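Heads up, the thing below is written out as structure tokens.
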Amino acid sequence: MGYSHLGHIVENSVIHYALWNKARQSSDITLLAPAELQQVAWGENETFLTLKDGSMLTARLVIGADGANSWLRNKADIPLTFWDYQHHALVATIRTEEPHDAVARQVFHGEGILAFLPLSESVSLLDCLVTVARGSAADAAG
């Protein structure tokens, strides 16, 4: 394909740290943290926000990054769309005797996927994806 890498695995905390620092350094972004929304109303070209401390703000862009049960998404009547893929995942962090050389490995088989995703030098994320029936049988076995 002509590429040295197809992608990179980056730990969530590293991404959060990088985004937070970039936002702090940007003169175009105002960070209010910690802060909690109490009320929101939408105008034609802007959003009106009231924080729990009583502060009132207007913004042309509001980004809700408060999870699957987002208060802001619910207030905006944006539906949550999801699909049930009928699979369970077992995820663990493991340390290996041999280095992984920063190479991800996946095994695809009829009952699911087994993935070893490199994190640090000898640490990998093990992700075992199995069908619901297989996962339920494993749960019952203890």
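FYI, it's all coordinate maths here, none of it is from the lab. No experiment lies behind these values; they were computed from the predicted model shown. Here Cβ is always computed from backbone atoms with ideal geometry, including for glycine, and neighbour counts include all displayed protein chains.
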With springs only between Cα atoms under 10 Å, which of Leu31, Leu117, Leu125 fluctuates most in a Gaussian network model of the chain?
-> Leu31
Tell me, what are the semi-axes, in whole angstrom and largest first, of the equivalent ellipsoid of the chain as set by the roots of 5 times the Cα gyration tensor eigenvalues?
-> 40, 23, 15
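Identify the chymotrypsin sites (Phe, Trp or Tyr not before Pro) of the range 51-88 meeting these criteria: DSSP loop state and at most 13 other C-beta atoms within 10 Å of the C-beta.
Passing sites in the range 51-88 are Phe82, Trp83, Tyr85.
For the range 87-141, report the convex hull volume of the alpha-carbon atoms normalised per residue, in Å³, without decimals.
Residue-normalised Cα hull volume stands at 79 Å³.
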Round to the nearest 10 and give me the degree value, 0 to 90, for the angle of helix 12-25's Cα axis relative to the longest principal axis of the chain.
-> 30 degrees
For the chain, what is the mean residue ellipticity at 222 nm derived from helices alone (per DSSP H run of n ≥ 4: -39500 (n - 2.57); sum divided by total residues; nearest 500 deg cm²/dmol)?
-> -6000 deg cm²/dmol
The chain: relative contact order in percent, alpha carbon pairs under 8 Å with at least 6 residues between = 15 percent
Who wins for biggest fluctuation among Ala33, Ala92, Ala18 in a Gaussian network model of the chain, springs between alpha carbons below 10 Å?
-> Ala33
So, in nm, how far is label Asn12 from label Ala104 when the simple model puts each one 7 Å beyond its Cα toward the Cβ?
-> 1.6 nm
In degrees from 0 to 90, rounded to the nearest 10, what is the angle of the helix 132-141 Cα long axis to the longest principal axis of the chain?
-> 70 degrees
Would you please name the trypsin sites (Lys or Arg not before Pro) within the range 21-98 that are DSSP coil residues with at most 11 other C-beta atoms within 10 Å of their C-beta?
-> Lys52, Arg60
Show me 3-15, 39-51 ranked by packing, highest mean number of other Cβ atoms within 10 Å first.
-> 39-51, 3-15
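I want to verify the translational diffusion coefficient of the range 12-75 in µm²/s; compute it with Stokes-Einstein, Rh as the Kirkwood radius over Cα pairs, at 25 °C and 0.890 mPa s.
Calculated translational D: 185 µm²/s.
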